[in-house]
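Following: one structure in structure tokens, then a few remarks.
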Amino acid sequence: MTRKQRRLVLIGAGLSVLAVAVALMLNAFRDSIVFFNSPSDVAEKHVEPGTRIRLGGLVKTGSLLRDNGLLIRFEVTDGKSEIPVTYQGVLPDLFREGQGVVAEGALDGAGVFNADTILAKHDETYMPKEVADALKKSGHWKDDYAQRAAMPVTGVNK
Amino acid sequence: MIPELGHYALMLALGLALIQGIMPIVGARTNDPVLMNIATSTALAQFVFVAIAFGALTECYVFSDFSVLNVYENSNSAMPLIYRLTSVWGNHEGSMMLWVSILAFFGALVAFFGTNLPATLKADALAVQAWIAAAFYLFILATSNPFVRIPDAPFEGQDLNPILQDPGLAFHPPMLYLGYVGFSIAFSFAIAALLEGRIDAAWARWVRPWVLGAWMCLTIGIAGGSYWAYYELGWGGFWFWDPVENASLMPWLAGTALLHSAVVMEKRGALKVWTILLAILTFSLSLIGTFLVRSGVLTSVHAFATDPTRGIFILAILVAFIGGALALYAWRAPALKQGGLFAPISREGALVFNNLFLTSACATVFVGTLYPLALEALTGDKISVGPPFFNSTFGPLFIPLMLVMPFGPLLGWKRGDLLGAAQRLLTAAMLAAVAIAAAFALEHGGPVLAPFGVGIAVFVMAGAVTDIAERTMILRIPFGAALRRAIGLPRSAWGTAFAHFGIGVTLLGIVGATAWGGERIAAIKPGDTLDLAHYRLTFDGQFNRTGPNYRDVVGHFTVRRMSGELIGAMEPSRRTFPARNMATTEAALMTRGLSQIYLSLGDANPDGTVSVRLYFKPNVLMIWLGAVIMFFGGGLSLSDRRLRVGAPRPAKVRAALQAAE
């Protein structure tokens with residue numbers, strides 16, 4: 001092979017691997033992207049039951065119910081709308097009523113959000129950024145949240 | 001007094017960096033040896049001053065000087081000494097100090113050991129290194145000064161974020177930074193080569209040890225972070241595809257590609273232009289990692305900075321360095337001379353294959369990590385790109401890489417014999433087939449693809465062994481002769497085999513822990529038992545325990561085999577830190593061979609039960625063991641005679657050192 005042909009082989013191989021990578025990414029983007037929604041978004045956008053989303057807001061005070069220890073029910077609110085959530089498992093360390101929360105899962109036919117992941121935030125002063133933005137949008141942002149958010153150390157993103 | 005001294009030393013370091021960034025370049029252009037030599041002395045002096053600044057900050061932490069704001073916010077006199085030390089870098093300002101300290105350290109190493117470098121190359125490279133350093137000194141002094149005082153010194157500090165109070169943090173951030181910042185050397189040399197418009201195989205020989213060292217540190221740093229997340233966060237996961245983790249994985253992938261392309265350049269003089277680009281990209285990804293982690297665009301345990309000016313400052317550094325480097329590359333790279341020829345089936349071809357897949361895999365991680373940020377900035381839509389995305393893009397790109405990996409070292413340079421390599425790998429392939437069959441027969445319930453994962457891992461490991469077996473001709477010639485051949489093999493050959501073997505070990509651990517692990521989540525009360533895999537755990541009760549700056553609620557569990565034989569006890573706890581009013585979950589781990597039982601304690605429920613999470617993680621330790629093997633392989637390769645001979649120290653320096661002892 002001449003130098004030119006060899007270079008063409010190299011370039012061809014490079015482009016084909018790149019094409020495969022792009023195809024894989026496009027395919028994965030179609031299937032595995034999860035949108036963040038506040039309870040109001042869920043009501044407005046009519047999120048289909050079964051679609052995976054992240055639901056974020058505040059855990060409504062007085063809504064937390066533990067059935068037999070492991071099945072947990074609570075409501076997520078942004079001040080305008082509320083969505084009932086069920087979760088089976090152990091809650092993260094700083095899950096509290098009145099605190100920000102992000103749950104990942106899907107709505108069932110009855111409008112109950114079945115969460116399979118509750119994002120653990122390891123610092124009680126920490127407000128998930130999505131939740132803070134959603135609260136600001138719905139006009140329920142309180143100044144003391146901002147003060148808390150301005151504190152120097154934020155929580156873990158797990 | 002001490003903090004002011006540190007502050008002053010840092011400003012002097014900035015001044016030195018500015019001199020080092022200008023004079024040597026002028027010297028290299030005008031061929032003035034005096035100006036060029038300034039680089040060596042300023043690089044050494046710069047390191048001295050940064051070390052003084054870092055030492056001053058450390059002193060404030062160790063002796064709990066709460067009149068320094070940074071110490072007050074992140075330390076507490078009740079913390080044990082090790083955490084007072086680690087909290088130096090457990091915050092934004094301190095971690096940037098660590099960053100520049102390591103940068104200056106590497107600059108000093110180049111200045112000290114680079115005595116055989118061509119004068120202009122050394123001057124240019126050190127000047128580029130100084131630009132990076134100057135940018136970060138400015139960043140620290142302007143936006144993140146760790147030496148700011150509080151007028152009325154409080155009596156007690158606010159404590160370090162409890163989840164960072166962990167021995168792992170003594171070692172994970174410095175290793176990671178050694179890796180990130182180590183790639184700056186490759187970057188500086190690449191820019192210097194572009195400035196000179198000349199590059200040869202010797203360039204690769206100078207740069208490769210630095211890349212190798214940085215790669216080793218990054219490997220072990222990532223593995224350490226992963227192990228920390230595994231036991232500290234209480235979820236039993238070892239990798240979350242979290243943006244912060246991806247930020248360290250991207251330079252690792254690009255750095256691994258760079259390591260391999262530099263081999264081709266060193267041995268065959270080919271892939272020069274590509275290697276330069278990879279050197280630029282690898283350090284750029286390190287900078288992007290720093291930006292992602294430190295700017296506050298991502299909220300995570302690592303995002304200490306919440307001040308937007310810092311983010312903008314780092315972004316400006318990022319744009320200047322990456323943009324500038326790529327522009328210089330576009331302008332000067334076409335002038336670099338073409339290298340040697342090779343057939344597609346050859347060692348070079350295999351290494352190109354490696355580079356293509358590693359960089360593509362890196363690109364998918366890059367897109368997956370940055371797409372949500374870009375989308376939010378453009379449309380306001382908030383999305384999360386989680387593990388499914390990475391599993392279905394990164395995974396398929398890594399499989400061919402693993403399959404081809406054993407072939408690489410068996411192919412000859414220039415033109416390889418694919419059929420011959422395949423024949424020599426026949427044993428490895430058969431072993432892999434046996435492993436797949438055994439996995440299907442022995443394990444039930446896991447994903448269908450998991451046994452093939454085991455097969456690939458075994459193929460990679462057996463392939464690494466085959467490489468050594470072929471080189472030593474063991475089993476074909478008398479054992480003594482083979483042993484002599486083994487001793488005579490270049491250490492880099494052993495290094496390659498170990499590193500490749502380590503990848504196989506890690507893969508085996510990942511497959512085992514994710515596919516065949518067991519999980520129980522239950523609400524239990526004292527006296528209850530939990531069965532998982534071959535073990536039975538009895539919950540004996542809870543008790544309280546007090547630590548230096550925390551309180552523990554400890555659950556006591558007795559672990560038995562199903563047969564009733566007693567194995568031991570596990571004591572997971574929930575730990576409360578009064579200084580910050582925070583709680584953490586301290587999981588208990590019991591190691592059984594390479595597998596682990598993982599137990600973490602959840603909330604107490606109103607009905608008197610306690611929620612617990614119990615996992616069985618088969619082969620999970622292999623994940624990190626593999627990284628240790630890779631690190632060891634890198635070390636062997638680094639100690640190779642060729643690299644030492646390639647970069648000899650003049651006898652004079654050695655004599656001077658001895659005299660000083």
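At-a-glance table
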item: Condition check for B:Q158: farther than 30 Å from B:N391 by Cα and in contact with a Gly (Cβ under 8 Å, 6 or more places away or on another chain); result: no
item: Sole residue being among the hydroxyl-bearing types (S, T, Y), closer than 30 Å to B:E245 by Cα, more than 9 Å from chain A (Cβ to nearest Cβ) and touching a residue at least 40 places away in the same chain (Cβ under 8 Å), chosen from B:T359, B:T369; result: B:T369
item: Residue in segment A:14-28 that is surrounded by fewer than 16 Cβ atoms within 10 Å (Cβ to Cβ) and over 30 Å from B:S346 (Cβ atoms) present; result: yes
item: Within segment B:589-611, tally of residues that are touching a Gly at 6+ places or on another chain (Cβ under 6 Å) and either assigned to a helix (DSSP H, G or I) or in contact (Cβ under 8 Å) with a residue 60 or more places away in the chain (or both); result: 5
item: Leading residue by the ranking (modelled with the highest pLDDT) among those in segment B:426-472 that are in contact with a Phe, Trp or Tyr (Cβ under 7 Å, 6 or more places away or on another chain) and either exposed (fewer than 14 other Cβ atoms within 10 Å of the Cβ) or not in a helix (DSSP H, G or I) (or both); result: B:E443
item: Test for B:F139: is it part of a helix (DSSP H, G or I) and at pLDDT 90 or above; result: yes
item: Hey, B:N544 assigned to a loop (DSSP other than H, G, I, E, B) and among the polar types (S, T, N, Q) or not; result: no
item: Every pair of residues 6+ apart whose Cβ atoms lie under 7 Å, when the first sits in segment A:88-111 and is in contact (Cβ under 8 Å) with a residue 24 or more places away in the chain while the second is exposed (fewer than 14 other Cβ atoms within 10 Å of the Cβ) and among the acidic types (D, E); result: A:E104/A:D116; A:G105/A:D116
item: Close pairs (8 angstrom Cβ cut-off, 6 or more residues apart or separate chains): over 15 Å from B:L410 (Cα atoms) in segment B:488-503, not charged (D, E, K, R) and not in a helix (DSSP H, G or I) anywhere; result: B:R491/B:S639; B:I503/B:M405
item: Criterion (touching a Phe, Trp or Tyr at 6+ places or on another chain (Cβ under 7 Å), of a type outside the set (A, V, I, L, M, F, W, C) and either touching a residue at least 60 places away in the same chain (Cβ under 8 Å) or farther than 25 Å from B:S286 by Cα (or both)) met by exactly one of B:G90, B:G21; result: B:G21
item: Selected residue (criterion: nearest to B:P396 (Cα to Cα)) from residues of segment A:1-39 that are part of a helix (DSSP H, G or I) and in contact with a strand residue (DSSP E or B) (Cβ under 9 Å, 6 or more places away or on another chain); result: A:A28
item: Condition check for B:V26: surrounded by fewer than 23 Cβ atoms within 10 Å (Cβ to Cβ), touching a Leu at 6+ places or on another chain (Cβ under 6 Å) and under 28 Å from B:S188 (Cα atoms); result: yes
item: Exclusive hit being in contact with a Leu (Cβ under 8 Å, 6 or more places away or on another chain) and in contact (Cβ under 8 Å) with a residue 12 or more places away in the chain, set B:A133, B:A127; result: B:A133
item: Residue in segment B:155-173 that is nearest to the other protein chains (Cβ to nearest Cβ), counting only those that are in contact (Cβ under 8 Å) with a residue 60 or more places away in the chain and assigned to a helix (DSSP H, G or I); result: B:I163
item: Those residues of segment B:231-274 which are closer than 23 Å to B:L176 by Cα, more than 16 Å from the chain's Cα centre (by Cα), part of a helix (DSSP H, G or I) and within 14 Å of another protein chain (Cβ to nearest Cβ), in sequence order; result: B:Y231, B:E232, B:S261
item: Conditions (1) buried (at least 19 other Cβ atoms within 10 Å of the Cβ); (2) of a type outside the set (D, E, K, R); (3) part of a loop (DSSP other than H, G, I, E, B); number of the one not met by B:M96; result: (3)
item: Number of the exception - B:A279 against (1) modelled with pLDDT of 90 or more; (2) of a type outside the set (F, W, Y); (3) touching a His at 6+ places or on another chain (Cβ under 6 Å); result: (3)
item: All positions within segment B:341-356 that are within 10 Å of another protein chain (Cβ to nearest Cβ), modelled with pLDDT under 90 and farther than 14 Å from B:G269 by Cα; result: B:A343, B:P344
item: Test for B:V628: is it of a type in the set (A, V, I, L, M, F, W, C), crowded, with 18+ Cβ neighbours inside 10 Å and away from chain A (no Cβ under 12 Å); result: no
item: Count of segment B:526-576 residues which are basic (K, R) and surrounded by fewer than 14 Cβ atoms within 10 Å (Cβ to Cβ); result: 2
item: Looking only at segment B:372-395, and only at residues there that are more than 20 Å from A:E104 (Cα to Cα) and surrounded by 18 or more Cβ atoms within 10 Å (Cβ to Cβ), the one that is nearest to the other protein chains (Cβ to nearest Cβ); result: B:T393
item: Some residue of segment B:38-58 being out of contact with any Gly (no Cβ under 8 Å at 6 or more places or on another chain) and not in a helix (DSSP H, G or I); result: no
item: Test: residue in segment B:608-615 that is away from chain A (no Cβ under 14 Å), closer than 22 Å to B:G453 by Cβ and among the aromatic types (F, W, Y); result: no
item: Segment B:142-160, residues that are more than 17 Å from B:F313 (Cα to Cα) and either aromatic (F, W, Y) or modelled with pLDDT of 90 or more (or both); result: B:F147, B:V148, B:R149, B:F155
item: Condition met for B:T359 (buried (at least 23 other Cβ atoms within 10 Å of the Cβ) and either on the phi < 0 side of the Ramachandran plot or modelled with pLDDT of 95 or more (or both)); result: yes
item: Among (1) closer than 27 Å to B:A327 by Cβ; (2) buried (at least 24 other Cβ atoms within 10 Å of the Cβ); (3) not polar (S, T, N, Q) - the single one B:L160 does not satisfy; result: (1)
item: Options A:V90, A:V42, A:V102, A:V47; residue that is farther than 30 Å from B:L401 by Cα, outside any strand (DSSP E or B), within 10 Å of another protein chain (Cβ to nearest Cβ) and touching a strand residue (DSSP E or B) at 6+ places or on another chain (Cβ under 8 Å); result: A:V90
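Yes or no, residue by residue, for (1) acidic (D, E); (2) farther than 16 Å from B:I280 by Cβ; (3) modelled with pLDDT under 95; (4) crowded, with 17+ Cβ neighbours inside 10 Å:
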{"position": "B:L121", "(1), (2), (3), (4)": "no, yes, yes, yes"}
{"position": "B:P167", "(1), (2), (3), (4)": "no, yes, yes, no"}
{"position": "B:P173", "(1), (2), (3), (4)": "no, yes, yes, yes"}
{"position": "B:Y177", "(1), (2), (3), (4)": "no, yes, yes, yes"}
{"position": "B:L195", "(1), (2), (3), (4)": "no, no, yes, yes"}
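The values are calculated or read from the model by the stated rules, or taken from the named source; none is laboratory data. Predicted, not measured: the structure shown is a model, and the values here were computed from it. For neighbour counting, all protein chains shown are included, and Cβ atoms are generated from backbone atoms with ideal geometry for every residue, glycine included.
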